[in-house]
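The values are calculated or read from the model by the stated rules, or taken from the named source; none is laboratory data. Only a predicted model underlies this, so the values are computations on that prediction, with no experimental measurement involved. Ideal geometry is used to build each Cβ from the backbone, glycine not excepted, and the neighbour counts take in all protein chains shown. Calculation scope for accessible area: heavy atoms of the full protein, side chains included, ligands and nucleic acids excluded. Shrake-Rupley method; radii C 1.70, N 1.55, O 1.52, S 1.80 Å.
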Amino acid sequence: MREQGVLVVTVHDDPGSDGRAVLLARISDLVKGHAPTSLVLVLDGPAAADSAVGVVLRVHRLCSRLGLVMSVATHSAPVRRLLEADADAGGTRLVVLARADTAIRLTAAALTAAA
């Protein structure tokens, strides 16, 4: 779904170790198919698990290669800390926030300011 010009993808379930590749492929297909300028990935409830962290980091690398701004929203403080610690510093900075509405608003504002 698009909100304020930002592609928003919500993950509701923990992909587990077996579902990581499928989740990564689905998100990658959405990013490539919609050709957005930015992405907010929301890890909702059970999706905020360690197995999702690797997927988020791979999506962040993809977004960096494509020149997209990416933010992540999750209520889980431990997952936010993991993402912040492990994000690839060589690409576009990964913004990790607790609330989806804040992530969408700030990402949209960053795009407006850059334009």
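Within the shell defined by Cβ-Cβ distances under 11 Å, the residues around Ser64 carry a net charge of +3, with Lys and Arg each +1 and Asp and Glu each -1. The relative contact order of the range 69-115, computed from alpha carbon pairs under 8 Å that lie at least 6 residues apart in sequence, is 46 percent. The charge dipole of the chain, taken about its Cα centre with unit charges on the Cβ of Lys, Arg, Asp and Glu (plus for the first two, minus for the last two), comes to roughly 360 debye. Rolling a 1.4 Å probe over the protein heavy atoms gives the range 18-101 an accessible area of 50 Å² per residue. Electrostatic tally near Asp44: other residues with Cβ closer than 11 Å to its Cβ, Lys and Arg +1, Asp and Glu -1, net -2. Of the accessible area of the range 16-79, computed with a 1.4 Å probe over protein heavy atoms only, carbon and sulfur atoms account for 54 percent.
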